[in-house]
Amino acid sequence: MTQDRPGRRLLTLHLRGTLIAGLLTIAPLIAVWLVFDFLLNVLFEAGHPMASALADFLYARDPQMRPWLADTRVQYVIAILAALLVLYMIGWVASRVVGIRLIALYERIIQRIPLAESIYSATKKLVGVLQQQPDSASRVVLIEFPHPGLRALGFVMRSFPDAVTGEELAAVLVPSAPNPTTGYLEIVPVSRLLPTDMTMDQAMSMIISGGATAPDHISLAAPGRQAAAM
């Protein structure tokens, strides 16, 4: 019995190591699936009423289609396709003159609702900043966070002068890793920001991967020290 214990211990370590290796291998696939599953469920919930109406219409025209339309998988696909079609139509209309006028009318109505106006305006500005090109006002920087000595990736959302001293300040969004949908809003002097040449896509990839896909050209040296080193 005593001779079997080392063998059992080795077998336990082997099984544990293999299981951990397997888990680490499929972890990225699980993360991708969770994101797509969430998006597909959102599209399904949005398109389900349209899919039901379409199923009732087709059933009224051809009762023989009832077994096919009753399949939950078919309903799922129809709902997602219907939601995507509606999104495409909204995007198509929004790019036309009529769509622009309708959006302007909708915004005028929203402006009369205090809380809704604040949420809509803030969200619209956030989306607009995130859609800007990397060389625009929105850029990726490093800031001292959560305390001096440590650096965190941040997105400069806008800059403005200090009302008292006139110093240039920046509103920096510091997303959390690996879930960038949450984070912190920091008001930081522009002089204390460390600029980078990272694009928004590179920064988001680095955050979501927990640093595993970090670019190889990141430096914590100030711009003056970087020039001197070159």
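Listed values, structure above:
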item	result
Answer from Leu115, Leu130, Leu87, Leu102 - the residue that is touching a helix residue (DSSP H, G or I) at 6+ places or on another chain (Cβ under 8 Å), open to solvent by 90 Å² or more (accessible area, probe 1.4 Å) and modelled with pLDDT under 80	Leu102
Considering residues of region 151-166 that are open to solvent by 80 Å² or more (accessible area, probe 1.4 Å) and touching a strand residue (DSSP E or B) at 6+ places or on another chain (Cβ under 9 Å) only, the residue nearest to Pro189 (Cα to Cα)	Pro161
Search result, residues across region 152-181 that are part of a loop (DSSP other than H, G, I, E, B) and either more than 26 Å from Asp216 (Cα to Cα) or of a type in the set (A, V, I, L, M) (or both)	Asp162, Ala163, Val164, Thr165, Gly166, Glu167, Ala177
Leading residue by the ranking (most open to solvent (accessible area, probe 1.4 Å)) among those in region 167-197 that are under 17 Å from the mean Cα position of the chain (by Cα) and hydrophobic (A, V, I, L, M, F, W, C)	Leu185
First in region 87-102 and closer than 22 Å to Leu43 by Cα, second anywhere and open to solvent by less than 100 Å² (accessible area, probe 1.4 Å) and among the charged types (D, E, K, R), Cβ under 6 Å, 6 or more apart	none
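Conditions (1) open to solvent by less than 100 Å² (accessible area, probe 1.4 Å); (2) modelled with pLDDT under 75; (3) of a type outside the set (Val, Ile, Thr), marked per residue:
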| site | (1), (2), (3) |
| --- | --- |
| Gly7 | yes, yes, yes |
| Thr18 | yes, no, no |
| Thr25 | yes, yes, no |
| Val32 | yes, yes, no |
| Asn41 | yes, no, yes |
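The values are calculated or read from the model by the stated rules, or taken from the named source; none is laboratory data. Bear in mind the structure is a predicted one, so any value in this text is a computation, not a measurement. Note: ideal-geometry Cβ built from the backbone for every residue, glycine included; neighbour counts use all protein chains shown. Note: accessible area is taken over every heavy atom of the protein model, side chains too, but ligands, DNA and RNA are not part of it. Shrake-Rupley method; radii C 1.70, N 1.55, O 1.52, S 1.80 Å.
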